[in-house]
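Engineer: Okay, handing you the structure first.
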Amino acid sequence: MATFDALLFIGLKWAVVALAAWALVDALIRPATGYVAAGKLTKPAWGAITGLALIIAYFTPPLSFFWLPGVIASIVYLVDVRPALRGLRRGNSW
């Protein structure tokens, strides 16, 4: 029988893996020109950052040295970059 602490860490790990996967998929489906128009890093840069965050979240234990920067990178994308990209208009401005 797993202890409460073990279940908490397992749940935390999979929640962060899901968060990082969401950030990566969202970064990959947005148009590359939107990143430049929003004044953010380029699409390949955010794809690499969120991809690395997903790898770190999956392969490292929760609350380890590299785990926290991976979580922060995913949260920064979802809280800062994603709203800026969604705020841009699509197509013509007519």
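What follows draws every value from the coordinates through simple rules; no lab data is involved. As the structure is a prediction and not an experimental result, all values here were calculated from the model. As a convention, Cβ positions derive from the backbone with ideal geometry for all residues, glycine included, and neighbour counts pool all protein chains shown.
Engineer: Would you calculate, for the chain, the mean residue ellipticity at 222 nm contributed by helices, counting each DSSP H stretch of 4 or more residues as -39,500 (n - 2.57) and dividing by all residues, to the nearest 500?
Structural biologist: Calculated mean residue ellipticity at 222 nm is -21500 deg cm²/dmol.
Engineer: While we're on this one: From the phi angles alone, apply the Karplus equation (6.51, -1.76, 1.60; θ = phi - 60°) to region 39-44 and give each ³J(HN,Hα) in whole Hz, x where the residue is Gly or Pro.
Structural biologist: Values, residue by residue: x, 9, 4, 6, 4, x Hz.
Engineer: For region 4-86, restrict the atom set to alpha-carbon positions and state the Rg and Dmax in Å.
Structural biologist: 13.4, 47
Engineer: Using the alpha-carbon atoms, what tilt in degrees (0 to 90, nearest 10) does helix 4-29 show relative to the longest principal axis of the chain?
Structural biologist: 20 degrees
Engineer: Can you give the relative contact order of the chain as a percent, counting alpha carbon pairs under 8 Å and 6+ residues apart?
Structural biologist: Reported as a whole number, the value is 33 percent.
Engineer: Positive end of the dipole of region 4-86, charges at C-beta (+1 Lys, Arg; -1 Asp, Glu), about the Cα centre: which of Ala48, Ile72, Tyr58 has its Cα farthest in that direction?
Structural biologist: Ala48
Engineer: If you don't mind, there's one more thing I want to ask. With +1 on the Cβ of every Lys and Arg and -1 on the Cβ of every Asp and Glu, and nothing else charged, how large is the dipole of the chain about its Cα centre, in debye rounded to the nearest 20?
Structural biologist: I would put it at about 460 debye.
Engineer: Further, regarding this structure: What nm value, rounded to one decimal, do you get for the distance between Ile55 and Ile75 when each label is placed 7 Å out toward the C-beta?
Structural biologist: Computed distance between label sites Ile55 and Ile75 equals 2.3 nm.
Engineer: Follow-up question, since we're still on this one. For the pair Leu63 and Arg89, what calculated FRET efficiency results from E = 1/(1 + (r/R0)^6), where r is the Cβ-Cβ distance and R0 = 41 Å, to the nearest 0.05?
Structural biologist: About 0.50, to the nearest 0.05.
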